[in-house]
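Below: the structure, in structure tokens.
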Amino acid sequence: MTTAVPRTAEHDTFPKLLVELARKRADMPAYREKEYGIWQTYTWRQVGEHVGLLAAGLIDLGFKRGDRLIVVGDNRPRLYWAMCAAQSLGGVPVPVYQDSVASELAYVVEHAGARFAIAENQEQVDKLLEIQKTVPGLERIIYDDPRGMRHYEGLLSYAEVQKRGAGILNTVPHAVGTETEKGRGSDDAIMLYTSGTTGRPKGAVLSYGNLIWAAKAGAQFDGLREGDELLSYLPMAWVGDHIFSYAQGYVCGLVVNCPESAATVMTDLREIGPTYYFAPPRVLENLITQVTIRMQDAGFIKRRLFRSFMAHARRVGSAILDGRSVGLADRLLYALGDLLVYGPLKNTLGMSRVRIAYTAGEAVGPEIFNFYRALGVNMKQLYGQTEASVFVTIHPNGEVFSDTVGKPVNQVELKIADSGEVLYRSPGVFKEYFKNPQATNDTKTADGWVHTGDAGYLDDRGHLRIIDRANDVGRLKNGTLFAPKFIENKLKFFPHINEAVAFGHGRDFVSAFVNIDMTAVGDWAERRNIAYASYQELASMPAVHKLIASEIDSVNRDLLADPKMAGAQIRRFLVLQKALDADDGELTRTNKVRRGFIGERYKPLVDALYDGSKTAHIKVDVTFEDGRKGTIEGDVSIHDVAPQSASMAALKMAS
Amino acid sequence: MAGRQRVFNEVLLSVEDISLSFGGVKALTNISFDIRKGEVRAIIGPNGAGKSSMLNCINGFYHPQQGSITYKGVRRAQMRPYEAAAQGIARTFQNIALFKGMSTLDNIMTGRNLRMHTGLLAQALYFGPAQREEIEHRRYVERVIDFLEIQHVRKLQVGRLPYGLQKRVELGRALAAQPELLLLDEPMAGMNLEEKQDMCRFILDVNDEFGTTICLIEHDMGVVMDISDRVVVLDYGRKIGDGVPDEIKKNQAVIDAYLGVSH
């Protein structure tokens with residue numbers, strides 16, 4: 001296998017790269033999709049044909065250079081091809097989060113000024129039809145899966161568009177080819193709407209040049225090869241998936257595998273055994289939770305084996321992975337562990353063949369991170385943004401530390417502003433926010449530096465460390481530094497805590513909302529014969545509150561160890577009876593907490609945290625999965641936590 | 001949403017003057033109605049009205065003492081359930097009757113049983129004709145699995161699945177038989193709202209895309225009025241109403257039967 005990186009400059013757009021791949025790797029697999037229980041493979045030649053037909057069909061429908069194509073649905077080969085078809089004609093695809101509610105989708109469709117949309121299935125089509133009533137600019141809706149669509153009128157199926165395309169290509173064989181040739185590296189390639197923890201989403205415009213640079217830079221950094229396999233299961237609207245599955249797919253000639261459905265990802269992962277893997281911390285955490293629960297159900301011998309070999313792996317696994325010197329006895333024991341525990345476990349997790357694995361998006365707990373590295377999975381952290389075409393920093397091989405996000409990728413410059421904010425500049429820096437020069441100017445300086453909005457610093461190893469969102473870092477009344485996300489992340493590292501929101505800026509002390517993890521706490525309760533009927537009931541149990549309190553105690557002990565944070569210990573907390581949800585606007589679509597919004601929405605609870613009351617009453621509106629509204633109301637009890645102090649810690653040590 | 005306005009002419013099955021009794025208990029008394037090709041036909045009625053007995057007569061499990069059933073133009077005296085199945089009648093049950101220890105896939109494969117032609121010996125040898133046949137059937141079963149969106153439980157033991165999913169697997173097994181007439185006995189009993197909505201969608205899609213005629217028993221009036229083309233109402237083993245949902249809603253006898261009236 002050759003490394004995939006060097007390619008001539010003339011292939012400066014994805015459609016041009018596709019033409020090249022369809023020639024050079026004609027019969028090699030390009031996409032796979034599990035359908036009817038079997039992995040269906042498409043070669044690069046077939047992909048070229050599919051894209052060509054669809055593009056020609058779009059010409060027939062009047063799709064013009066600069067037109068925008070909304071793409072909405074799960075990761076499907078045909079949706080990826082649709083993006084390339086639009087780009088072949090000089091159009092700009094706009095992928096949208098598939099679980100967006102109609103109003104969120106409507107905003108994007110209208111703001112992008114899209115005339116065309118392609119939807120995966122009936123569910124998405126229904127949303128688009130709803131939108132069409134208020135956004136008449138949306139002219140054409142194309143759907144992929146014909147299921148349930150027999151009685152819809154005025155829509156076109158993917159196959160029908162391709163049939164029209166065949167007609168066009170019969171009369172003008174080069175109709176698509178000539179358009180593809182007109183494309184330039186500096187053209188707009190894609191628009192990705194960033195969720196943002198505040199305000200309306202912004203449409204970041206990235207050029208082919210941005211994306212192709214990023215794809216190559218990332219591939220070079222970690223030695224991605226032609227034919228490397230990945231599973232595309234994260235939303236197509238997210239910049240990470242766009243780089244890994246799409247840009248790097250074309251630049252490096254990767255094999256993109258699409259799962260059968262969102263619910264089968266774990267099985268599909270195991271069947272494919274990707275070599276290139278990405279998972280947000282949330283997924284990594286869930287996997288460990290599942291493994292832990294299953295191990296607790298395992299027999300005595302298995303449990304012992306697992307525990308002792310995992311302890312050994314934690315001690316030497318990461319060192320072996322990094323190629324540092326490890327004694328022979330330890331190496332032999334690790335090899336035995338690989339045979340008995342690590343190998344089978346990696347196989348179950350679908351990670352047997354993983355060569356490069358990234359996690360990003362949120363801070364990842366050291367224990368979680370080290371678990372995978374101990375097993376021998378080359379897990380690294382990556383720091384990136386939509387505005388950077390993902391790559392800013394990555395952990396280099398042999399320099400992986402759980403408390404940093406790595407070193408700058410080649411051609412990326414970093415600087416730290418006086419305020420502590422991290423800024424970067426690279427060839428991947430986005431062109432602009434669509435129709436929003438104000439926001440563009442606020443984010444990007446005239447000489448190309450981009451404000452990340454994150455506070456951080458470079459440590460003496462040259463690694464970047466991120467503390468918190470720059471805007472979120474605040475101070476308590478007495479002047480103590482308060483970094484909410486830092487505290488929330490510490491809480492979230494416990495498997496029982498799914499989400500946390502910390503308050504404290506301008507207050508006397510720090511307090512927190514906690515969301516329990518239904519799976520982990522449910523299992524915990526079951527093992528103690530505690531019966532519960534619903535999330536709400538489980539979340540309001542005193543026993544559960546006690547469990548959370550003990551975890552908050554250990555967070556406080558951690559904070560005490562850091563002199564800057566010792567004053568910002570959690571003094572009061574409550575367990576929310578409702579899971580924070582993006583449908584209610586409490587999280588962003590990428591599942592980041594919108595602290596300000598939550599503070600407003602649950603104001604009575606926040607007030608109660610600070611006025612000393614023991615319980616508080618709350619009533620909030622909720623949105624159900626099908627879009628209907630309802631309300632949840634109830635009494636929430638509030639708990640005090642005694643702060644840890646240095647003398648107490650010393651006492652404990654002494655006893 | 002009111003019932004859908006569709007018109008059906010061809011009679012698929014007609015029930016004429018049926019009476020069924022168990023000893024002295026009269027389960028059904030002089031019932032007549034028909035099921036037309038392509039429609040969704042609902043049978044409703046209070047508890048003990050004779051709805052399940054009616055389905056059992058249609059698929060040959062019970063043998064009415066009086067009256068006749070004509071299916072696809074053939075009047076039949078007595079029929080065994082497997083004969084009914086061979087002629088294209090499939091059903092699901094009020095309290096799920098799946099093979100709990102088998103996987104979803106295997107359960108649905110059993111729905112293909114009547115369509116398998118290779119003999120025991122060939123199947124034991126597996127390679128050759130039996131393998132080809134198995135692949136053909138598996139292809140169809142996978143279509144059903146895809147249709148009902150149960151890919152994620154394909155290889156899981158059915159007994160461990162939540163109730164709503166088990167109901168869906170049972171529907172899958174009935175569909176795998178490629179029936180012309182599908183009998184559903186309370187397909188939504190015990191489901192939450194979301195599961196009910198899913199099930200409604202599946203029933204309508206089956207009707208639409210496979211062209212299967214559906215006869216269902218259901219208690220949820222909202223569901224019945226939404227998805228059925230015509231409704232027949234039983235009470236104490238007698239037919240008290242028959243017509244499109246809008247007529248049934250206005251039918252005084254039906255209202256009395258449901259709300260109760262002093263006799």
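Residue farthest toward the positive end of the dipole of the range A:44-178, with Cβ of Lys/Arg at +1 and Asp/Glu at -1: which of A:Val135, A:Leu169, A:Ala112? Highest projection toward the positive end goes to A:Leu169.
From the Kirkwood radius over Cα pairs of chain B, Stokes-Einstein at 20 °C and 1.002 mPa s returns a whole-number translational diffusion coefficient of 111 µm²/s. With a simple spin-label model that places each label point 7 Å from the Cα along the Cα-to-Cβ direction, the separation between A:Asp297 and A:Asp607 comes to 4.6 nm. Indicate, rounded to the nearest 5 percent, the antiparallel portion of the DSSP beta bridges found entirely in the protein assembly as shown. Given both bridge residues lie in the protein assembly as shown, the antiparallel proportion sits at roughly 60 percent.
Rounded, prolate or oblate: which one fits the range B:97-177, using the alpha carbon gyration tensor with axes a ≥ b ≥ c (rounded when a/c is under 1.5, else prolate when a/b beats b/c, else oblate)? In terms of gyration-tensor shape, prolate.
Principal semi-axes of the equivalent ellipsoid, √(5λ) from the alpha carbon gyration tensor of the range B:57-102, are 24, 12, 8 Å from largest down.
Under 13 Å Cα-Cα from B:Lys26, which aspartates and glutamates qualify once same-chain neighbours fewer than 8 residues away are excluded? Of all the aspartates and glutamates, those that pass the test against B:Lys26 - Cα under 13 Å, at least 8 places apart if same chain - are B:Asp235. For chain A, the Cβ-based charge dipole about the Cα centre amounts to some 1160 debye (Lys, Arg positive; Asp, Glu negative; other atoms uncharged).
Relative to the longest principal axis of the Cα atoms of chain A, helix A:281-297 runs at roughly 60 degrees. Per-residue ellipticity at 222 nm, computed for the protein assembly as shown from helices alone with -39500 (n - 2.57) per DSSP H run of at least four residues, works out to -11500 deg cm²/dmol.
Using Cβ point charges alone (K and R +1, D and E -1), the dipole size of the range B:97-154 about the Cα centre works out to roughly 80 debye. Normalise the Cα radius of gyration of the protein assembly as shown by 2.2 N^0.38 Å (N = residues in it) and let me know the number. Dividing the Cα radius of gyration by 2.2 N^0.38 Å gives 1.06. Exceedance of the 30 Å cut-off in Cα-Cα distance is limited, within the set A:Lys380/A:Lys546; A:Lys133/A:Lys444; A:Lys202/A:Lys619; A:Lys592/A:Lys629, to A:Lys380/A:Lys546; A:Lys133/A:Lys444; A:Lys202/A:Lys619.
Using Cβ point charges alone (K and R +1, D and E -1), the dipole size of the range A:474-654 about the Cα centre works out to roughly 640 debye. Among A:175-186, A:580-591, B:229-240, sorting by the average number of other beta carbon atoms lying within 10 angstrom of each residue, highest first, gives B:229-240, A:580-591, A:175-186.
Per-residue packing, averaged as other Cβ atoms within 10 Å, sorts the ranges B:200-211, A:73-84 into the order A:73-84, B:200-211, beginning with the highest. Neighbours of A:Pro281, meaning other residues whose beta-carbon lies under 10 angstrom from its beta-carbon, give a summed charge of 0 when Lys and Arg score +1 and Asp and Glu score -1.
For the range B:193-224, the residues whose amide N sits under 13 Å from a probe point set 7 Å from the Cα of B:Tyr258 along the beta carbon direction are B:218-224. Which one of A:Tyr433, A:Ile598, A:Gly448 has its Cα pushed farthest toward the positive end of the charge dipole of chain A, where Lys and Arg give +1 and Asp and Glu give -1 at the Cβ? Of the listed residues, the answer is A:Gly448. Can you give me the orientation-averaged projected area of the convex hull built on the Cα atoms of the range B:209-263, in nm²? Across all orientations, the range B:209-263 yields a mean hull projection of 4.4 nm². Using 0.36 nm per residue and subtracting the Cα-Cα separation, the extra length available between A:Ile632 and A:Thr348 on full extension is 98.3 nm. Against chain A, whose longest principal axis is taken from its Cα atoms, helix A:366-375 shows a tilt of about 60°. The Cβ shell under 11 Å around A:Ala189 holds other residues with a net charge of -1, Lys and Arg each +1, Asp and Glu each -1. Across peptide B:132-144, the average count of Cβ atoms from other chains found within 10 Å of a residue's Cβ is 1. With a simple spin-label model that places each label point 7 Å from the Cα along the Cα-to-Cβ direction, the separation between A:Asp508 and A:Ser308 comes to 5.4 nm.
Each value in this text was obtained by applying a stated rule to the coordinates, not by laboratory testing. Note that this is a predicted model, so its numbers are computed, not measured. Heads up, the Cβs are rebuilt from the backbone with ideal geometry, glycines too, and the neighbour counts pull from every protein chain shown.
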